[in-house]
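Remarks on the structure that follows.
The values are calculated or read from the model by the stated rules, or taken from the named source; none is laboratory data. None of the values given here were measured: they were computed from a predicted structure. In this analysis, Cβ positions are derived from the backbone assuming ideal geometry, glycine residues included, and neighbour counts consider all displayed protein chains.
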Amino acid sequence: MNKIPIQCPVLRRMLLAHIIEQIDGGHMDSLLRAGYSPEFLDDLRYRTTRDITNLANSPQEMWFSLSEQLISKGLHLLDMRREHAKLREYFVIHGASRRMVCAYFKLSHEEYRDLRAQLRPGGEPGGRTALPPVAVRDAIHRAWFDIQQSMSEQPCRDRIYALHQQFPELRISVLQQTIVEFAEDDELGLEIKPTTPPLQG
């Protein structure tokens with residue numbers, strides 16, 4: 001824990017008021033576990049607003065502790081959520097199938113429909129997805145084989161993203177159909193039912 005001095009009277013008053021709110025809210029146990037004595041908490045609880053304000057404005061030192069590890073972990077989680085949402089939008093914008101998007105990002109059909117209406121309005125192409133010419137399909141299969149080898153430890157959705165980076169002119173659903181054109185079980189091959197839990201938020 002890193003200790004940081006609090007110089008601002010407003011923040012000092014807010015901190016003291018927060019401790020009093022914790023006591024009044026029935027959270028005294030957590031304060032006791034943090035090392036505060038019952039006598040100190042009782043004294044602070046029954047002080048007048050004037051006393052709290054005067055203490056906040058006094059030269060008395062006040063500090064708060066901040067865990068670098070926990071804050072960094074929280075920031076990292078926010079970054080992961082942002083990247084998750086960004087990748088989800090990429091798949092929708094570039095024409096991934098509803099089944100793929102719902103499986104990779106744990107969306108309901110209703111959530112997918114709302115997201116698609118927002119990001120890619122207009123009707124879905126009707127009928128079965130048309131495959132590209134044979135030469136293009138062969139290039140896709142070669143690229144997919146290389147990606148499967150070099151990114152074998154990465155989630156399938158990351159591999160699909162890498163493949164689309166090589167064929168950005170095609171919809172992801174076209175790449176999906178091409179990849180599985182010789183497969184007996186396309187769900188297994190593309191991890192349409194992934195086991196990795198989604199990020200919340």
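A few notes on this one:
- Residue that is outside the structural domain of R82 (by TED's automatic domain parsing), under 28 Å from the mean Cα position of the chain (by Cα) and modelled with pLDDT under 95, where the choices are P121, P197: P197
- Counting only helices (runs of 4 or more DSSP H) that fall entirely inside the stretch 124-183 and contain at least 3 residues that are surrounded by fewer than 17 Cβ atoms within 10 Å (Cβ to Cβ) and over 31 Å from the mean Cα position of the chain (by Cα), the qualifying elements are 134-150.
- Filter result for the condition that a residue is on the phi < 0 side of the Ramachandran plot and in contact with a helix residue (DSSP H, G or I) (Cβ under 8 Å, 6 or more places away or on another chain), over Q69, Q148: Q148
- Filter pass, R88 being of a type in the set (K, R), in contact with a Leu (Cβ under 6 Å, 6 or more places away or on another chain) and under 30 Å from R120 (Cα atoms): no
- Some residue of the stretch 20-35 being touching a strand residue (DSSP E or B) at 6+ places or on another chain (Cβ under 8 Å) and of a type in the set (S, T, Y): no
- Residues that are assigned to a loop (DSSP other than H, G, I, E, B), modelled with pLDDT of 90 or more and more than 14 Å from P9 (Cα to Cα), drawn from the stretch 47-70: R47, T48
- All of S67, S58 fail the test of being under 30 Å from the mean Cα position of the chain (by Cα) and more than 30 Å from I172 (Cβ to Cβ), apart from S67.
- Test: residue in the stretch 73-94 that is assigned to a loop (DSSP other than H, G, I, E, B) and out of contact with any strand residue (DSSP E or B) (no Cβ under 9 Å at 6 or more places or on another chain): yes
- Scanning the stretch 16-50 for residues that are under 32 Å from the mean Cα position of the chain (by Cα) and in contact (Cβ under 8 Å) with a residue 24 or more places away in the chain yields a count of 1.
- In summary, R171 fulfils each of the numbered conditions (1) touching a Gly at 6+ places or on another chain (Cβ under 8 Å); (2) modelled with pLDDT under 95; (3) of a type in the set (D, E, K, R) with the single exception of condition (2).
- Being in contact (Cβ under 8 Å) with a residue 40 or more places away in the chain, within 22 Å of the chain's Cα centre (by Cα) and more than 24 Å from T178 (Cβ to Cβ) holds for only one residue in K86, K73, K106, and it is K106.
- Residue check for L163: at pLDDT 95 or above and in contact with a helix residue (DSSP H, G or I) (Cβ under 8 Å, 6 or more places away or on another chain): yes
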